[in-house]
Amino acid sequence: MSEEQMNDSTFNRLFIIMIIAMSVIAVLLMFVATFAASDVNERLDARSELENSNSIAERIAPVGAFAAETAAAAPVVVAEALTGEQAYASCGACHTSGVAGAPMLGDAGDWESRVTKGIEALYANAINGYTGEAGMMPAKGGNTALSDDSVKAAVDYMVEQL
Ligand code: HEC
């Protein structure tokens, strides 16, 4: 064997070892990549789900905001026994200022002819609603969540202020 031939066979051996080593590295990298990307579909699904839910939230946002405004403007009082003063919260919008012909709280002139009907008649008109010459009194002042007793208490409260 000449020196040149030895060098060639050394080179060939090195070359084969390198090819094997690179193949092993390539296979290892494939495993690492497969492992690292194994949940890529789940992550994509999660992301599009999040984007969808965000856009749904955006689309329904104006409705939610409107509902919140309505709730703030007209507090709904639950049907439990309230004091007259508490229940009057549902009446004050009209009766404190006399809006739309409502007899004003504490104004004896406005109430005189009404009180003579008797308290039971006033209760009934406040509970069921009443349209007279002055205007339209909505049933329970528009707050149907009020119990009859709470409405009666509010009427008592209004009559007491005279
Ligand atoms: C949306 C406005 C409005 C609200 C709210 C309202 N009222 Fe009235 N109420 C009126 C008007 C208007 C009249 C006068 C109707 C008429 O005589 O033409 C009236 C009349 C009345 C009368 C006299 C009825 C009669 O027979 O003469 C009573 C009692 C009364 N309201 C009680 C209440 C009570 C209690 C509440 C709250 C639970 C309430 N109102 C809330 C508008 C309102």
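For this structure, a couple of remarks:
- On inspection, L105 qualifies as surrounded by 15 or more Cβ atoms within 10 Å (Cβ to Cβ), part of a loop (DSSP other than H, G, I, E, B) and either assigned by TED's automatic domain parsing to the domain that holds C91 or modelled with pLDDT under 95 (or both).
- Conditions (1) within 10 Å of the ligand (Cβ to nearest atom); (2) under 15 Å from E85 (Cα atoms); number of the one not met by A124: (2)
- Apart from one condition, E120 fits all of (1) on the phi > 0 side of the Ramachandran plot; (2) open to solvent by 40 Å² or more (accessible area, probe 1.4 Å); the exception is (1).
- Residues of segment 62-101 that are open to solvent by 50 Å² or more (accessible area, probe 1.4 Å), in a helix (DSSP H, G or I) and at pLDDT below 85: P62, V63, A65, F66, A67, A68, E69, T70, A71, A72, A73.
- When restricted to residues that are of a type outside the set (A, V, I, L, M, F, W, C), in contact (Cβ under 8 Å) with a residue 24 or more places away in the chain and either part of a helix (DSSP H, G or I) or surrounded by fewer than 17 Cβ atoms within 10 Å (Cβ to Cβ) (or both), segment 134-147 contains 4.
The values are calculated or read from the model by the stated rules, or taken from the named source; none is laboratory data. All values reported here derive from a predicted model rather than from experimental measurement. Backbone-built Cβ (ideal geometry, glycine too); neighbour counts: all protein chains shown. Ligands, DNA and RNA are stripped out before the accessible areas are found, and what is left, the full protein with its side chains, is counted by its heavy atoms. Shrake-Rupley method; radii C 1.70, N 1.55, O 1.52, S 1.80 Å.
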